[in-house]
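See below for the structure under consideration.
The values are calculated or read from the model by the stated rules, or taken from the named source; none is laboratory data. As the structure is a prediction and not an experimental result, all values here were calculated from the model. Cβ placement follows ideal geometry from the backbone for every residue including glycine, while neighbour counts extend to all protein chains displayed.
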Amino acid sequence: MLPWHKKIINQIDLLKERSKVPNGIILKGHVGIGKNKLAKAIAKAFISNEHSDDPRASEYTNHWTSDFHPDLYLIEPEEKKSVISVDQIRAVKENLLKMSHQGGWKVCLISPAESMNHNAMNSLLKILEEPTSKTLFILVSHKPQMLLKTILSRCQLINVERPEREVATQWILENSEYDRSQVDCAIDLSNNRILLAKNYLDSDILTEHSKFTKLLSAALTRQMSFIEAAEEIKKIDCISCLDWFLGYVHKLIIENPNHNNSPSLHECVDQIYIFKKNILMGHSVNLQLCWENLLMRWIKQGIRVK
């Protein structure tokens with residue numbers, strides 16, 4: 001359990017003690033702040049049964065690190081797919097009608113919940129309307145507004161906050177070998193989304209971000225043409241670059257009121273969203289031309305990347 005989740009865990013424990021556990025819980029919040037870890041910690045609190053007569057109880061508890069337990073049903077988009085299908089929900093429904101393996105709670109964890117297609121959501125709704133005894137649904141959601149309103153009404157919504165910056169910094173320092181400057185850079189880049197920051201540190205993202213920033217500056221100062229800069233930028237992960245670029249533009253608009261009326265900047269934001277949407281939807285995209293277009297709009301502003 002992550003330390004900043006303790007308050008939520010205590011709230012859930014209190015509901016359990018008072019026999020006021022809802023049929024479903026929705027954990028909502030930003031990507032990269034540990035909602036899945038929190039969901040599994042809640043599931044473990046419900047399922048783990050030290051007093052079980054099942055001789056395999058301790059074995060099940062020891063397997064939690066690998067997300068295995070016979071009374072835990074984890075539903076995610078299948079490999080190479082972006083949606084959770086109605087068949088996945090129906091399959092779990094059949095299992096939930098059976099007795100739990102340890103005579104206690106059964107937990108179904110769905111993540112991300114908004115990945116369910118419409119039929120899957122309707123199937124889940126029917127289960128929530130006619131719940132079986134000692135069954136808890138935990139829905140992890142980055143965008144709860146995409147869920148059916150009827151699902152929202154039948155679940156308890158819990159807002160998962162980002163930890164305070166110093167708490168996040170200390171946690172990463174204590175659980176890694178990175179220095180303070182590296183951690184500060186990762187937290188800034190992730191907008192204080194702590195697990196995302198840790199992921200950045202454990203990968204080449206910070207190096208890639210530094211390279212992207214230098215290319216933007218080089219194009220702006222005419223050290224290289226925007227065509228050359230686009231050629232290099234398209235070699236970096238496109239979605240990451242678009243997110244960083246969008247962050248720069250938003251920062252300019254927020255910190256410099258004079259830029260709020262700049263057509264080029266607002267057109268730039270629109271183009272970033274269109275560019276990103278086309279990539280995520282698997283459409284054919286000419287990366288070179290798209291980056292050239294964005295860089296030209298950026299250069300018009302003549303503002304350096306900080």
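Annotations
- Selected residue (only one of Ser203, Ser181, Ser176 is touching a Leu at 6+ places or on another chain (Cβ under 7 Å), surrounded by fewer than 16 Cβ atoms within 10 Å (Cβ to Cβ), over 29 Å from Arg297 (Cα atoms) and at pLDDT 90 or above): Ser176
- Put simply, of Gln156, Gln170 the only residue that is in contact with a Pro (Cβ under 6 Å, 6 or more places away or on another chain) and modelled with pLDDT of 95 or more is Gln156.
- Count of residues meeting criterion [more than 12 Å from Ile33 (Cβ to Cβ) and either in contact (Cβ under 8 Å) with a residue 12 or more places away in the chain or in contact with a Lys or Arg (Cβ under 9 Å, 6 or more places away or on another chain) (or both)] in the range 152-163: 6
- Entirely in the range 116-232, the helices (runs of 4 or more DSSP H) that have 1 or more residues that are more than 30 Å from Leu96 (Cα to Cα): 165-174, 180-190, 194-202, 205-220
- Evaluation of Leu38 against (1) at pLDDT below 95; (2) under 14 Å from the mean Cα position of the chain (by Cα); (3) assigned to a helix (DSSP H, G or I) (one fails), failing number: (1)
- Residue, farthest from Phe226 (Cα to Cα), within the range 275-297, restricted to residues that are outside any loop (DSSP other than H, G, I, E, B) and touching a Lys or Arg at 6+ places or on another chain (Cβ under 9 Å): Leu287
- Single residue of the range 253-299 satisfying the filter (among the charged types (D, E, K, R) and touching a helix residue (DSSP H, G or I) at 6+ places or on another chain (Cβ under 9 Å)) that is modelled with the highest pLDDT: Glu292
- Test for Ser210: is it surrounded by 19 or more Cβ atoms within 10 Å (Cβ to Cβ), out of contact with any strand residue (DSSP E or B) (no Cβ under 6 Å at 6 or more places or on another chain) and among the polar types (S, T, N, Q): no
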